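The values are calculated or read from the model by the stated rules, or taken from the named source; none is laboratory data. Please read these numbers as outputs of a predicted model, since none were measured by experiment. In this analysis, Cβ positions are derived from the backbone assuming ideal geometry, glycine residues included, and neighbour counts consider all displayed protein chains.
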Amino acid sequence: MAQYATNYTTLKTSVESYCEDDSSEFTAQFQNCVNRAEERIIRDIDLVVFNTVTSSTTSAGVATYSKGFTDAPVISINFPDGSDQFAERRSYAYIQAHGGTGVPRYFYENESTIYWAPTPDDAYAFNLTYIARPTKLSASNTTNWITRNASDLLLYATLIEAETFLIAPERAAEFEERYKSGLLPVRAFWRTQAQNTYEPINPTPLPAQTR
């Protein structure tokens, strides 16, 4: 889908050329620019391709679970045993006041921990779906999903950040328009790929009645 594939080094060269600036101050800021651009793209395209499912089990008598990741929100938690029950998100105060034991029906999450209600009374298997961001670009990690599949958006988004840093609002606005124009096709393409596009063959039509 992307117009071209890029990597960290070629992106940096392109941004410096567009901005006509390769000063040490600008070079030092480039890492922040590209990482802010990545974060914006992930939020804006909002794709299920970033969803990751991990499986684990609760611990009997333990009302918490360590997520093992700190930079991604939970999308859903379901308990496949029996009724395939989904836990519903609730406030921390609700979880603390709930009480009781059994299969967790509710959860609250902070950056690192999930809190169950009721408290599990056994080891219940569950599937946890969360948004897994691609590993951020850097000199040591030169490619990721965005460089391969949304490289044009990455260029424009990075240029917006770069021109903002260089206090060039007109140029930043120009690249903002290019970014917005490119966003919709990329988002539509990948959302279409995530859907079931199978269409059954239409049955043979009946002959048209002539009288």
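From the list S91, S66, S112, S23, the lone residue that is among the polar types (S, T, N, Q), in the same structural domain as L184 (by TED's automatic domain parsing) and either in contact with a Leu (Cβ under 8 Å, 6 or more places away or on another chain) or farther than 26 Å from R187 by Cβ (or both) is S23. Residues in the range 41-59 that are among the hydrophobic types (A, V, I, L, M, F, W, C), out of contact with any Leu (no Cβ under 6 Å at 6 or more places or on another chain) and either under 30 Å from E176 (Cα atoms) or assigned by TED's automatic domain parsing to the domain that holds I114 (or both): I42, I45, L47, V48, V49, F50.
Looking at the structure I just gave you, is S24 on the phi < 0 side of the Ramachandran plot, surrounded by 13 or more Cβ atoms within 10 Å (Cβ to Cβ) and of a type in the set (S, T, Y)?
It is false that S24 is on the phi < 0 side of the Ramachandran plot, surrounded by 13 or more Cβ atoms within 10 Å (Cβ to Cβ) and of a type in the set (S, T, Y).
Screening D81, D21, D44 for residues that are under 30 Å from A162 (Cβ atoms) and either of a type in the set (V, I, T) or part of a loop (DSSP other than H, G, I, E, B) (or both) leaves exactly one candidate, D21. Flag: A28 does not match the condition of being assigned by TED's automatic domain parsing to the domain that holds T119, part of a helix (DSSP H, G or I) and over 22 Å from the mean Cα position of the chain (by Cα).
Does any residue of the range 47-63 turn out to be without any contact (Cβ under 8 Å) to a residue 60 or more places away in the chain, more than 30 Å from P104 (Cα to Cα) and more than 14 Å from the chain's Cα centre (by Cα)? For the range 47-63, residues without any contact (Cβ under 8 Å) to a residue 60 or more places away in the chain, more than 30 Å from P104 (Cα to Cα) and more than 14 Å from the chain's Cα centre (by Cα): absent. Number of residues in the range 152-179 that are surrounded by fewer than 21 Cβ atoms within 10 Å (Cβ to Cβ) and among the hydroxyl-bearing types (S, T, Y): the value is 1. Of the residues making up the range 51-74, those that are of a type in the set (A, V, I, L, M, F, W, C), surrounded by 14 or more Cβ atoms within 10 Å (Cβ to Cβ) and part of a strand (DSSP E or B) number 1.
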